[in-house]
Amino acid sequence: MKKDMLELKNVSFQVAEDRGDKEIIRGVSLAVPESKLVVITGPNGGGKSTLARLIAGIEKPTEGRILFKGEDITDRSITDRARLGIAYAFQQPVRFKGIKVLDLIRIAAGKHLAAAGACEYLSAVGLCARDYIDREVNASLSGGELKRIEIATVLARGAALSVFDEPEAGIDLWSFQNLIEVFENMRRTIQNSSILIISHQERILNIADEIVVLKDGRVEKQGPRDEILPQLMGTSSAVSECHMISGKGGAQA
């Protein structure tokens with residue numbers, strides 16, 4: 001029986017506003033099993049990216065607990081969580097002026113990689129390695145290029161849990177199909193690891209083992225893909241809410 005890699009227990013998160021506190025995440029309980037690919041989807045503004053930041057440790061829940069491999073990490077920092085084995089890819093990747101792509105991949109891998117080794121990770125995300133390996137991770141790179149480089153660093157980490165926040169944003173059609181293959185390959189080759197993806201895209205939902213639908217900060221549905229996806233595709237309103245896009249992988253979510 002597979003163990004849970006990640007477990008959220010009655011997690012809530014609120015922020016202070018002029019008119020009082022606003023609750024963004026409301027009593028969310030869910031699990032990401034070991035060796036599974038789980039996709040969290042739902043309408044814009046439903047709290048998906050906030051939930052990803054809570055898992056990564058960028059934000060701290062106001063209520064509830066977060067467990068990783070059975071250990072309570074609710075009060076652990078983002079650095080501690082990274083050391084424990086949680087990798088996080090931002091919706092809008094960070095730029096690092098003065099750091100070359102090769103150095104960034106080496107830092108992610110936690111070891112001295114030869115240039116050829118780093119190039120393998122870049123090739124996996126559809127980048128011509130010789131054109132990027134010595135470039136700085138700065139404003140000269142487009143959003144799509146940064147996104148793919150960040151995904152390459154997550155691959156280099158080989159983390160127990162990899163969290164991707166809308167990885168398709170800004171990615172062109174060819175690269176999107178390449179991205180699907182990257183996720184499927186990660187699931188096959190990184191042993192005892194799990195993948196959590198925040199996404200609206202139907203083709204990403206189609207490769208999920210399990211789907212969680214988050215709406216208004218609450219879990220509306222969760223279960224195996226074969227059970228949840230037909231429910232989402234069964235009504236035009238569900239498709240509209242989730243912004244599922246068939247055959248248009250390059251569209252921004």
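Throughout, read-outs are computed from the coordinates displayed, never taken from laboratory work. All values derive from a computational prediction rather than experimental measurement. Methodologically, a virtual Cβ is constructed for each residue, glycine included, from the backbone with ideal geometry; neighbour enumeration extends over all protein chains shown.
In order along the stretch 205-217, phi translates into HN-Hα couplings of 4, 5, 9, 6, 7, 9, 10, 10, 9, 10, 9, 6, x Hz, rounded to whole numbers, per the Karplus curve 6.51 cos²θ - 1.76 cosθ + 1.60 with θ = phi - 60° and x for Gly and Pro.
Considering every pair of different Cα atoms, what Kirkwood radius, in Å, is found for the stretch 129-183? Write down the numbers at each step before the final one.
Numbers: mean 1/r = 0.0824 Å⁻¹.
Kirkwood hydrodynamic radius for the stretch 129-183: 12.1 Å.
If you fit an axis through the alpha-carbon atoms of helix 143-157 and take the longest principal axis of the Cα set of the chain, what angle between them do you get, 0 to 90°, nearest 10? Approximately 90 degrees, to the nearest 10.
Computed extension length for L84-R188: 35.3 nm, one decimal, from 0.36 nm per residue of separation with the Cα-Cα distance subtracted. Between E71 and K22, the contour length at 0.36 nm per residue exceeds the Cα-Cα span by 14.8 nm.
Can you put M186, M5, M233 in order of Cβ neighbours within 10 angstrom, beginning with the fewest? Present the calculation step by step, with values, prior to reporting the outcome.
Numbers: M186 20, M5 25, M233 15.
Result, fewest neighbours first: M233, M186, M5.
When each of the peptides 74-83, 147-156 is scored by the mean number of other C-beta atoms lying within 10 Å of its residues, the order from highest to lowest reads 147-156, 74-83. In the chain, helices alone account for a calculated mean residue ellipticity at 222 nm of -10000 deg cm²/dmol, with every DSSP H run of four or more residues adding -39,500 (n - 2.57).
Checking a compactness column here: for the stretch 1-85, what do you get for Rg(Cα) / (2.2 N^0.38 Å), N being the number of residues?
Details: Rg = 13.3 Å, N = 85, 2.2 N^0.38 = 11.9 Å.
For the stretch 1-85, the normalised Cα radius of gyration is 1.12.
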